[in-house]
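S.K.: Starting off with a structure, shown below.
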Amino acid sequence: MRMKSKYKILCFCLFAALVFLNLGIWQTNRHHEKQEVKKFIDLQMSSPAVSLNEKQEDFSFRKVSSKGEFLTYVLISGRYFYSEEGYGLIALFKPGNSDFHYIVDRGWISKKRDFDLSYLLNTEINNDGILVPFDEFTEKESKPLKEEGGVAVFSYMDPSSIELHFKKEFPDVKISDFVILHGSQNKKGQLIEQIDDRVISWWVLPQGSLPHLGYAITWFGLMLTSIFFSVVSYKKQ
C-alpha cells in the first residue's frame, strides 16, 4: 500500500513537471510574439507622419497629422489622472482632406468640470496623434451606460460600439476602422501631456509591458522543483 502511494506521488510530480514545462514554453512564445509586435510598433512610429488622404499599406501605429473638425463626442467612465477621477473624451473627427471620419481618443477630463465641450465642435484644429486599429481595443458590444449633462457615457473604450452610436446621429458617414490617440508618446510608452486647461491627452500603447519572460522563468522553476521531488520520491522507493 505504501509502495502504491509512492508511485502516485512520483506520477503526480512527473505530470506536474510536464504541465509546467508546457506553460513555460507557452509564455516564452508569447514573449517572442510581443517582441515582434513591439518591433513593428516602434518601426511604424519612427516613420514620418502620414496625412489621412494618403493610401498606405498599413496605417497601424503610424503618426498622423491632419486638420479638420470634431462633430460630436461621448465619454468613457472610470479614467483616473494622478488619482483624480474623470472621463475619457472620445470625439468624431472629420479631416479636411479625407472622405472618412475618425474616432479620436481626445484625452482625459475631470469629473468635476462642466461637460459643455462645445468649444471643441465646429472649430478647425490640427489633430496630431497615433493611428491604432479597432482590434487593439476591447471587442464587446455595449450601449451607453448613462448620460452626463446630455452626453452619452460608455463603461469602456469599445470603438465598434461607439461607431454604432455615432452613426445613429450621422447615418451617412464613413468611419475608418482606426482610432486616433491624440498627442505623442513619452519615454515610458504613456502620454501625460497638458494640451489645454480642460483636456489632457492620455493613453498607453500595447507594447509598454512584456512580463511573459518572467512568467516563463517561474513556470520553468516550478518544473525543476517537480523534477527534484520526482527524483527524491524515486530514490526513496
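None of the figures in this text is laboratory data; all of them are computed from the coordinates on show. Quick caveat, the model's predicted, so the values are computed rather than measured. All Cβ positions, glycine included, derive from the backbone under ideal geometry; neighbour counts span all protein chains shown.
S.K.: Based on the Cβ-Cβ distance of Lys112 and Leu224, what FRET efficiency does E = 1/(1 + (r/R0)^6) give at R0 = 45 Å, to the nearest 0.05? Mind dumping the intermediate values first?
M.R.: Numbers: r = 54 Å, r/R0 = 1.19.
About 0.25, to the nearest 0.05.
S.K.: For the pair Val19/Lys143, report the inter-label distance in nm, with labels modelled 7 Å from Cα in the Cβ direction.
M.R.: That separation, rounded to one decimal, is 4.3 nm.
S.K.: What residues have an amide H closer than 5 Å to that of Lys67, excluding those fewer than 5 places away on the same chain, when H is modeled at 1.01 Å from N in the peptide plane?
M.R.: Sorted by chain and number, the residues that satisfy this are Gly96, Asn127.
S.K.: List the residues, sorted by chain then number, that are 5 or more residues from Arg62 or on another chain and whose placed amide H is less than 5 Å from its amide H.
M.R.: Hits under the 5 Å cutoff: Leu131.
S.K.: Amide H to amide H under 5 Å from Leu145: which residues, 5+ apart in sequence or cross-chain, H placed 1.01 Å off N in plane?
M.R.: Val153, Phe154, Ser155
S.K.: Shifting gears a bit: Classify region 30-94 as rounded, prolate or oblate, taking a ≥ b ≥ c as the square roots of the eigenvalues of its Cα gyration tensor: rounded when a/c is under 1.5, otherwise prolate if a/b is larger than b/c and oblate if not.
M.R.: oblate
S.K.: For the pair Asp135 and Val173, what calculated FRET efficiency results from E = 1/(1 + (r/R0)^6), where r is the Cβ-Cβ distance and R0 = 22 Å, to the nearest 0.05? Show your work: numbers first, answer last.
M.R.: Details: r = 21 Å, r/R0 = 0.94.
E between Val173 and Asp135, to the nearest 0.05, is 0.60.
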